[in-house]
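A quick write-up on the structure given underneath.
The values are calculated or read from the model by the stated rules, or taken from the named source; none is laboratory data. What you see is a predicted model; the values in this text were computed from it and never measured. Here Cβ is always computed from backbone atoms with ideal geometry, including for glycine, and neighbour counts include all displayed protein chains. Accessible surface is based on the protein model in full, side chains and every heavy atom, while ligands, DNA and RNA are left aside. Shrake-Rupley method; radii C 1.70, N 1.55, O 1.52, S 1.80 Å.
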Amino acid sequence: MYQKGDVILGGLFEVHYFTVFPELSFTSEPQQLYCEGFTSRGFQQAKTMAFAVDEINRNPDLLPNIKLGYQLYDNCLKLGVSLRAAMSLASGTEEEFLLDETCSGSPPVLGIVGDPGSTHSIAISSVLGLFRVPMVSHYSTCSCLSNRGKYPSFFRTIPSDAFQVRAMIRILHRLGWTWVGLVFSDDDYGFHAARSFHLSLAESGGCVAYSQVLPKDNRPTELQRIVGEIKSSTARVVVVFSNEAYLLPLVDEVVVQNLKGLQWIASEAWSTSSVFHTPRLMPYLGGTLGIAIRRGEIPGLKDYLLSIRPDDQPANNPGNNMVRQFWEAVFGCRLEPPAGWVEAGGDVCTGQEDLRDVETDYGDVSELRPEYNVYKVGHTHTNRCRHTLCQLFTSVSCFVSQGPLTSYCLLLVHYLERVNFTTGFGDRVSFDDNGDALAIYDIMNWVWLQDGSVQVETVGVIDESAPAGQELTLDEDRIFWNFESKKPPRSVCSESCPPGTRVARKKGEPVCCFNCISCAEGEVSNTTDSAECLRCPEDFWSSPERDLCVPKGVEFLSYQESLGISLMTASLLGALICAVVLGIFTRYRNTPVVKANNSELSFLLLLSLKLCFLCSLLFIGRPRLWTCQLRHAAFGISFVLCVSCILVKTMVVLAVFRTSKPGANASLKWFGAGQQRGTVLVLTSFQAAICTAWLVSASPTPHKNTRYHNDKIIYECVVGSVAGFGALLGYIGLLAFLSFLLAFLARNLPDNFNEAKFITFSMLIFCAVWISFVPAYVSSPGMYADAVEIFAILASSFGLLVALFGPKCYIILLRPERNTKKALMGRATTKT
């Protein structure tokens, strides 16, 4: 199909599906090949090209004083036919045209529109690229054609398969499909798309369950094997990169084996193909989701398509026969019937038939997708011509037709790379550095209606130029799902690992096939399909579900706990009893029982016992630096003060006993009240020095202990220096042992000096408590170590308080008749 012009646009379209080659007998001249299987859509695209040219010629503002012509060829879906047509267009050897009186020959084409097939475009561009002849395809999507080194003059108004693959990956990711099957055609389009899909799906975390190539020869055994593979797989989603010609035999085999329950994902090559929209196929293909190139609107195209007539073209010119073939295919008649046609009942075309009276895809302009790309290609060339290139064409055409074509074509490619305009539908047309168009897709859904018909609905858009994260717009509520549940299927090799678990890969299987392993204690994962579990921070622990780090439980001897309350109560009670006893002794300070054996030491002993009771409160509550430092110092000094008083009292008892013997009157002279106070002070000062050295060198500090419980923090005070703590306890033990030893030696003194017995008993209790304390303290964890130490303090303090002051309070309060000097002296005399 052609039209003369000053500048020619070439075109390659799929008007027929099949090519019939003549038999080669080598005995006679072979006939020309011919094509069968007329397709209305392919012819509609060719006429859309013609419409664009006519529209440009009618607009005087676009190409003034220049008429644009076209030469459009049918490739019959065969590479050889397409390549021969492209070479004829580029060389201008197919037909003879005259531009003016002096120049003869066909004018070189401004560029070629097509080929729709990627394999064809690869072969043609490889040749035409050597001469920089521009080729702008409306349907070749192979990503390999973006290689400017191999195809420097190739452009396209349809996005590359690289964009289509990314669009599919976005849909799969949105719907949660990570385990999919892949089927592709045995051509460049299929192989390059499949390779890109494999890589992109792997990068996004998905896997291909199987990968099958559609046979070119449609071998039944191979088709049966492929369908069997699909049936046996657990993948419920099948992605197909193919055109309808390769795919239709596979779908027929799917019907034969009654393979239902699959979600098909269609590439742009068959997503809008009506050949599958039949009641026989819809139970299997209904609900198909597909990527479709951008739909557009072309005002006036419908009337133009329906207004053609076969007599508009020279009927006797076999080189311009595309309209005649279309007419005969649509109306089932012959314009020039062969012999015997009428006799056989065939109809004869009058040429006056009306296309509006028949239903064909040819007149349907509601879904202009590849046709819209063809329309944009025509205006792309026109936009390029407006850069003064075509205005110069008439002065250089003869040189070009007879001389080097490459220099002229270099200018054409240069301006084509800079094309940038907006169509009447609002779409911007431009090319990137690889000659690719802006990537915008419609997402289609095959809706199977109740009456058995099929309606292709647009349910979303993918715009690669949109802001990050907004490229995909999908209305899931409008999608028709061809399943009983009316919901999207699950297509995963392994169900997602919930938070609290991690993914464990299965050896020898794809990354999508895995086991879910619970996180270990102290580790969490708060995302789905986490590759690893993360360790919780030091002060946190994993929740029971292992999906969240929660603050660790805190343990210390608290005032709010029953144990802490009990010990605090006992401590305050002991301090209160000391205060009461101190009050009694103050009230009866002039009585013989109080005055006996240095009442000043008794008051100092009561004060030290009270401090012992109160210092235990420092062991209760959350440890702080000051409490850790003060608790042991207060405990050590208070007990040394207490034990020093007892030691001095024992020494006084022995000194008094010795004065009762002849020649020993000087004993008390050298051990009077001043010496007693000095002894207590010196002994206590040694402990104060030990505590000072300990606090200065290695002070006790608060510590978070996680050794005993992983999910619990035990707040405790570490002693800092074990030697310092040992020296403190050892010094107390030394004084206690000396007190016990001296009291034991004085246990048989006369009754009026029988306080030595009570000192012996009290120190026995004291030593027993603190000897038991050491192993109990070492083996007690956490707050129980503090509780053991408090218990030892309270037990030894109560033992001293009761043993030393209990008998005296008994005499003072209950037996006042014995609280006289006479009574004490009388008993002593009797005893003597």
Rounded to whole angstrom, the alpha-carbon centroid of segment 133-175 lies from that of segment 685-736 at a distance of 76
Selection from Ala575, Tyr34, Ile462, by position along the positive dipole direction of the chain (Cβ)
Ala575
Find how many whole Å separate the alpha carbon centroid of segment 472-529 from the alpha carbon centroid of segment 618-635.
54
Amide H of Lys552: which non-local residues (sequence gap of 5 or more, or other chain) have their own amide H closer than 5 Å, using H built in the peptide plane?
Phe540, Trp541
Mean separation of Cα pairs under 8 Å and 6+ residues apart, divided by the residue count of segment 562-825: what relative contact order is that in percent?
23
In terms of solvent-accessible area of protein heavy atoms at a 1.4 angstrom probe, what is the ranking of His703, His120, highest value first?
His703, His120
Got a number for carbon plus sulfur as a percent of the chain's accessible area, 1.4 Å probe?
57
Assuming 0.36 nm per residue, please report the length gained on full extension of the stretch Asp354 to Arg219 beyond their Cα-Cα distance.
44.4 nm
What is the magnitude of the charge dipole of segment 562-825 about its Cα centre, with +1 placed on the Cβ of each Lys and Arg, -1 on the Cβ of each Asp and Glu, and no other charges, expressed in debye to the nearest 20?
760
For the chain, what ratio Rg/Rh do Cα atoms give with a Kirkwood hydrodynamic radius?
1.46
Cleavage-rule hits, GluC sites (Glu not before Pro), segment 423-510, DSSP coil, Cβ neighbours within 10 Å at most 11
Glu484, Glu495
State to the nearest 20 debye the size of the charge dipole of the chain about its Cα centre, where the only charges are +1 on K and R beta carbons and -1 on D and E beta carbons.
10240
Output wanted: per-residue J couplings in Hz (rounded whole) for segment 157-164, from phi through Karplus 6.51 cos²θ - 1.76 cosθ + 1.60, θ = phi - 60°, x for Gly and Pro.
9, 10, x, 5, 4, 4, 6, 5
What are the ³J(HN,Hα) values, in whole Hz, obtained from phi via the Karplus relation 6.51 cos²θ - 1.76 cosθ + 1.60 with θ = phi - 60°, for each residue of segment 67-78 in sequence order, with x given for Gly and Pro?
9, 8, x, 8, 9, 10, 10, 8, 8, 6, 6, 10
Hey, with R₀ at 56 Å, roughly what FRET efficiency would Glu36 and Ser518 work out to, going by the Cβ-Cβ distance, to 0.05?
0.30
Take peptides 353-360, 208-215 and line them up by average Cβ neighbours within 10 Å, highest first, as a rough protection proxy.
208-215, 353-360
Among DSSP bridges having both ends in the chain, what percentage is antiparallel? Round to the nearest 5.
50
Quick one: which of 50-61, 138-149 comes out on top by average Cβ neighbours within 10 Å, and what's the full order, highest first?
138-149, 50-61
Can you list residues from other chains, or at least 5 along the same chain, whose modelled amide H is less than 5 Å from the amide H of Thr701?
Val718, Gly720
How far apart, in nm, are two points set 7 Å out from the Cα along the Cα-to-Cβ line at Lys4 and at Arg505?
7.0
Sorted peptide list for 516-527, 164-175, 733-744, criterion being average Cβ within 10 angstrom, highest first:
164-175, 733-744, 516-527
Under the Karplus curve 6.51 cos²θ - 1.76 cosθ + 1.60, θ = phi - 60°, whole-Hz ³J(HN,Hα) for segment 521-533, x wherever Gly or Pro sits:
4, x, 10, 9, 9, 10, 10, 6, 6, 6, 6, 8, 9
Accessible-area order (highest first, 1.4 angstrom probe) of the listed residues Thr650, Thr679
Thr679, Thr650
Given 37 °C and 0.692 mPa s, compute D for segment 423-529 with the Stokes-Einstein relation, Rh being the Kirkwood radius over Cα pairs; round to the nearest whole µm²/s.
177
Can you give the convex hull volume of the alpha carbon atoms of segment 449-595 per residue, in Å³?
297
In nanometres, the difference between 0.36 nm per residue of separation and the alpha-carbon distance of Arg309 and Thr458 is 50.2 nm
May I ask you to compute the full-extension gain from Lys231 to Leu572, defined as 0.36 nm times their residue separation minus their alpha-carbon distance, rounded to one decimal in nm?
114.5 nm
Sites Lys821 and Ala693, calculated FRET efficiency, Cβ-Cβ separation with R0 35 Å, nearest 0.05:
0.15
By the Kirkwood definition, with r running over pairs of different Cα atoms, segment 130-225 has a hydrodynamic radius in Å of 15.0
Show Arg707, Arg132 ordered by accessible area, largest first, where the area counts protein heavy atoms only and the probe is 1.4 Å.
Arg707, Arg132
How high is the relative contact order of the chain, given as a whole-number percent (alpha carbon pairs under 8 Å, six or more residues apart)?
9
More than 22 Å apart - percent of Cα-Cα pairs taken over segment 562-825
58
So if R0 is 56 Å, what FRET efficiency would Lys595 and Asp539 give, r being the distance between their Cβ atoms, rounded to the nearest 0.05?
0.40
State, to one decimal in nm, how far the label point of Trp626 lies from the label point of Val778, with both points 7 Å from Cα in the Cβ direction.
3.5
Two pseudo-spin positions, 7 Å from Cα along C-beta at Arg334 and at Ala468, lie apart in nanometres by 6.7
